[in-house]
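Notes follow once the structure below has been shown.
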């Protein structure tokens, strides 16, 4: 039975997809004069914010990061949504005695705001944000740091996420992985990456843990 559950945040526990794309396009319009193409979006989604902006402009990326953060923060409360049954799933994990962690390329402030906004902070034991690590996913450091904070081993642990970086982070850390089917990443992003499980609803994770 899995006892240690590591979650990505954006696009996994909380539906920030529309907000992220909106904020990226607002920055692109300001600095590039246009919205991003689908291929451009797919190439930067899931990456650390500084890296996203460097991929768009090595010259203006610092200003772009600041505008992105301002746009995201001013629109988050009206644009973020809760995926169905996430709260139910997290509550069930706690009832089963599981430990939980968030492993995210997002800053801690944004993570905590989302947890508080949807009233789910009580179900999370550990937060590993972009600013708690030196190497972002797909490097194993975020997952391994979460396991260390949980005083846990790779055995009996699973990482749940929506991006190829999440799956590779888990694989590189030597733990099992689960990909959520509500990912916005195109199927071709996972052609050469094989998660151990694919879950169609949050409660599917409970079934996997109980098997």
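The values are calculated or read from the model by the stated rules, or taken from the named source; none is laboratory data. Quick caveat, the model's predicted, so the values are computed rather than measured. All Cβ positions, glycine included, derive from the backbone under ideal geometry; neighbour counts span all protein chains shown.
Tabulated values for the structure
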item	result
Top-ranked residue of the stretch 185-206 - restricted to ones that are modelled with pLDDT of 95 or more, under 17 Å from the mean Cα position of the chain (by Cα) and in a helix (DSSP H, G or I), ranked as farthest from residue 85 (Cα to Cα)	205
Filter pass, residue 209 being farther than 23 Å from residue 130 by Cβ and part of a strand (DSSP E or B)	no
Flag for residue 156 being surrounded by 22 or more Cβ atoms within 10 Å (Cβ to Cβ) and touching a strand residue (DSSP E or B) at 6+ places or on another chain (Cβ under 8 Å)	no
Of residues in the stretch 16-45 being surrounded by fewer than 20 Cβ atoms within 10 Å (Cβ to Cβ) and closer than 25 Å to residue 177 by Cβ, the one nearest to the chain's Cα centre (by Cα)	17
Filter result for residue 122 (modelled with pLDDT of 95 or more, more than 19 Å from residue 172 (Cα to Cα), assigned by TED's automatic domain parsing to the domain that holds residue 168 and surrounded by fewer than 19 Cβ atoms within 10 Å (Cβ to Cβ))	yes
Selection status of residue 64, free of Cβ contacts under 8 Å to residues at least 40 places away in the same chain, outside the structural domain of residue 11 (by TED's automatic domain parsing), within 26 Å of residue 160 (Cα to Cα) and surrounded by 15 or more Cβ atoms within 10 Å (Cβ to Cβ)	no
Output for the stretch 163-176, where each listed residue is farther than 13 Å from residue 142 by Cα and surrounded by fewer than 24 Cβ atoms within 10 Å (Cβ to Cβ)	164, 176
Any hit, the stretch 98-109, residues being closer than 20 Å to residue 19 by Cα, crowded, with 19+ Cβ neighbours inside 10 Å and modelled with pLDDT under 95	yes
Residue selected from the stretch 41-56 under the condition in a loop (DSSP other than H, G, I, E, B) and in contact with a helix residue (DSSP H, G or I) (Cβ under 6 Å, 6 or more places away or on another chain), by the criterion nearest to residue 136 (Cα to Cα)	48
Those residues of the stretch 46-65 which are within 24 Å of residue 135 (Cβ to Cβ) and more than 17 Å from the chain's Cα centre (by Cα), in sequence order	53, 54, 55, 56, 57, 58, 61, 62, 64, 65
